[in-house]
Amino acid sequence: MSDAATIKLSANAARLLGTDQPQVLWEGGVGTGKTFTLCVALRLFCEIFPGIRILLLRQTRISLNNSVLETLETEVLGQGHPACTPLRARNSRASYFWPESKRVVTDAFGTYTYEGKSQIDLGGMDNPDRFMSTQYDVIAFVEATEGFRGAWGKLSTRNRRYYVTRFGRPWSLQIADCNPAGARHWLNLLAEEDLVLDDDVREQLGLTKEQMVGRKAMHRIRTKIQDNPKFWDVEAGTYTDQGAEYMALLARLSPEEQSRLIDSKWVSRTGQVYPSYDHDRHVVNGRLEHRKREWHKWWLVPVGKPMFGTENNFDLDFEERPVSHFVASVDWGFSPDPGVFQIHAMDEAGRAFMVKEWFKTERDLEWWANIIIEQQGLMDIRAIVCDGPPEKVATLNRMLGGKLNDRGKPIAMLANKGPGSIHAGIEMVRYALGDDSAGEPRQRFLTNALQHDPDVNLLKAHAPTSTVGEMDGYVYHERREDSNGPNKPLPVDKDNHGMDALRYLDSYLFSNRHGARSPADTIKNPGTMGAILNKEKQVNAAFKEAMYK
């Protein structure tokens, strides 16, 4: 794109550019051109209002690189654009700067002069300290369904620079860009929530009580496939060849996925395996910190804790705590299925935090082994619970140099995959997602656990790119016969590779914690969950209390 003025914008794109609402839910299915249109809008803002300051972010900074920044640089700004110079890797870029310029803008309310260098800052909510002390005119949160309502509210406190005047008053814009998620997601609820203003504020804005009727806390703009000229021929009123191929690909999705990703509807999936999973409780903002001079070398530190004199911008998701040790799990995968390697930090109360994750397609055993060996050299990983076959686990142990854990056993071990193990593992994950006696979940996940850009193959297939991304879509088949007994349902065997790795780990972790060591406490009844887990009274009692009350 060499000239923003040559782009023919859709009606929905014009609504985004011309909205007088301070908060917009820019929603729509896949392939509707949301990201491209958003990037065009940001470029136009920078060029129409020289000196404007914009924040572009996702839940994690690293996830911007191969998604929105690729679109911004290659399709919207183009090679050689001044904002892209000096050339640098996307993961090291903090901002895009426009050359200094001056522009006089006239609208129905007056004439205004803007002069300065426009700027787009890049960020992630996994490290908000860099931008939470800065004021902005526009904030665009890409894939906002990954975020939290509290963080969205905190961001709105930064959206108060008011450098631009539009519609006769100081102007700011906060955009949540996303595909629809579950019906009860906070973004959908916020867009349905009535806006309530004090009378003095309403009158100052020039709004009557009648004009407030139907006005929502967030203005919804719903994009559709017809907004994307790549897939829809406006003049012919039909799909392009690429559009027809793309729609044929999407036709293979489940009915719930089609409702979200094609029809742009906020619908909840039925039959979720982990209905107690709550993104706002189980996914936390934090970081893993190495401290050489303390007794405990590794610490879990919540994001929002004051750093280098910065203010405490967020309510902390958990209290700072030392790490007792680490455990890990592996699901090998290959193309088209991803392999998964998870590292979980254990606190002194036995709670698990997934602190690191690799989620990649087309990687062989040697690649995974090199990652595992590197991480084993950095931290005290006491167990690595692995998917089969046994030969891979034996090879990994040889590559680890035959290291033994604190029980004198090889660090890498084979996950239990006998009859009934899926159901038993699911029960253990459910137990882990529950609260302990202190009221904290036994299993949580750091927002920045993913250690690389989202896998390109998974992005192209519209598949989850992390374990957390699989959670909501992990659902049961309809009831059927299986090896676990008559009419017991199994989860759908799709997009479940992080789920498998989590099941291996929690089965090892929490069954060992609650099961007794003596032979007298071992179940003798084959085929039961106790027999599979080699445990009895403690496990059964915990299940009754946590799952069946």
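The values are calculated or read from the model by the stated rules, or taken from the named source; none is laboratory data. A quick note: this is a predicted structure, and the numbers were derived from the prediction, not measured. Note: ideal-geometry Cβ built from the backbone for every residue, glycine included; neighbour counts use all protein chains shown.
Taking into account only those residues within the stretch 56-87 that are over 25 Å from the mean Cα position of the chain (by Cα) and free of Cβ contacts under 8 Å to residues at least 12 places away in the same chain, which is surrounded by the most Cβ atoms within 10 Å (Cβ to Cβ)?
Among residues in the stretch 56-87 that are over 25 Å from the mean Cα position of the chain (by Cα) and free of Cβ contacts under 8 Å to residues at least 12 places away in the same chain, the one surrounded by the most Cβ atoms within 10 Å (Cβ to Cβ) is His81.
Could you count how many residues in the stretch 232-250 are over 27 Å from the mean Cα position of the chain (by Cα) and buried (at least 16 other Cβ atoms within 10 Å of the Cβ)?
So the answer is 3.
Any residue in the stretch 333-344 that is touching a His at 6+ places or on another chain (Cβ under 7 Å), under 19 Å from Asp495 (Cα atoms), at pLDDT below 95 and of a type in the set (D, E, K, R)?
Yes, some residue in the stretch 333-344 is touching a His at 6+ places or on another chain (Cβ under 7 Å), under 19 Å from Asp495 (Cα atoms), at pLDDT below 95 and of a type in the set (D, E, K, R).
When you go through (1) within 21 Å of Tyr508 (Cα to Cα); (2) touching a Ser or Thr at 6+ places or on another chain (Cβ under 9 Å) one by one for Pro390, which number turns out not to apply?
For Pro390, the exception is condition (2).
Find the residue count for the stretch 104-130, including only residues that are in contact with a strand residue (DSSP E or B) (Cβ under 9 Å, 6 or more places away or on another chain) and assigned to a helix (DSSP H, G or I).
Of the residues in the stretch 104-130, 2 are in contact with a strand residue (DSSP E or B) (Cβ under 9 Å, 6 or more places away or on another chain) and assigned to a helix (DSSP H, G or I).
For the stretch 426-477, give me each residue that is among the acidic types (Asp, Glu) and either modelled with pLDDT of 90 or more or not in a loop (DSSP other than H, G, I, E, B) (or both).
Hits for the stretch 426-477 are Glu427, Asp435, Asp436, Glu440, Glu470.
Counting only residues that are farther than 30 Å from Asp435 by Cα and surrounded by fewer than 17 Cβ atoms within 10 Å (Cβ to Cβ), which one in the stretch 251-279 is modelled with the highest pLDDT?
Among them, the one singled out is Ala251.
Out of Asp137, Asp126, I need the residue that is acidic (Asp, Glu) and closer than 28 Å to Gly18 by Cβ. Which one?
Only one candidate qualifies: Asp137.
Looking for whichever is surrounded by fewer than 16 Cβ atoms within 10 Å (Cβ to Cβ), closer than 27 Å to Asp126 by Cα and at pLDDT 85 or above here; the options are His282, His290. Which one fits?
Result: His290 is the single residue among His282, His290 that is surrounded by fewer than 16 Cβ atoms within 10 Å (Cβ to Cβ), closer than 27 Å to Asp126 by Cα and at pLDDT 85 or above.
Can you spot a residue in the stretch 442-453 that is within 21 Å of His282 (Cα to Cα), β-branched (Val, Ile, Thr) and not assigned by TED's automatic domain parsing to the domain that holds Leu57?
Yes, some residue in the stretch 442-453 is within 21 Å of His282 (Cα to Cα), β-branched (Val, Ile, Thr) and not assigned by TED's automatic domain parsing to the domain that holds Leu57.
Looking at Phe353, Phe314, Phe308, Phe326 in this structure, which one is surrounded by 15 or more Cβ atoms within 10 Å (Cβ to Cβ) and modelled with pLDDT under 90?
Phe314
Looking at the stretch 392-418, which of its residues are over 18 Å from Arg503 (Cβ atoms) and either polar (S, T, N, Q) or free of Cβ contacts under 8 Å to residues at least 12 places away in the same chain (or both)?
Ala394, Thr395, Asn397, Arg398, Gly401, Gly402, Leu404, Asn405, Arg407, Gly408, Lys409
Testing Gly51 on (1) part of a loop (DSSP other than H, G, I, E, B); (2) at negative phi; (3) in contact with a Ser or Thr (Cβ under 7 Å, 6 or more places away or on another chain), one condition comes back false. Which one is that?
(2) is the only condition that Gly51 fails.
Looking at the stretch 92-102 only, could you name the residues that are surrounded by fewer than 14 Cβ atoms within 10 Å (Cβ to Cβ) and either in contact with a helix residue (DSSP H, G or I) (Cβ under 7 Å, 6 or more places away or on another chain) or part of a strand (DSSP E or B) (or both)?
Answer for the stretch 92-102, where residues must be surrounded by fewer than 14 Cβ atoms within 10 Å (Cβ to Cβ) and either in contact with a helix residue (DSSP H, G or I) (Cβ under 7 Å, 6 or more places away or on another chain) or part of a strand (DSSP E or B) (or both): Pro99, Lys102.
Return the pairs, sorted by first residue and then second, in which the second residue is small (Gly, Ala, Ser), the first residue lies in the stretch 373-387 and is under 19 Å from Leu300 (Cα atoms), the beta carbons are less than 7 Å apart, and the residues are 6+ apart or on different chains.
Hits for this filter: Ile381/Ala328.
What about Asp227, is it charged (D, E, K, R) and surrounded by 14 or more Cβ atoms within 10 Å (Cβ to Cβ)?
In short, yes.
Got a sec? Which of Leu173, Leu189, Leu205 is touching a strand residue (DSSP E or B) at 6+ places or on another chain (Cβ under 7 Å) and either of a type outside the set (Ser, Thr, Tyr) or under 28 Å from Leu44 (Cβ atoms) (or both)?
Leu173
If I go through the stretch 413-446 residue by residue, how many of them are over 26 Å from the mean Cα position of the chain (by Cα) and farther than 30 Å from Leu316 by Cα?
11
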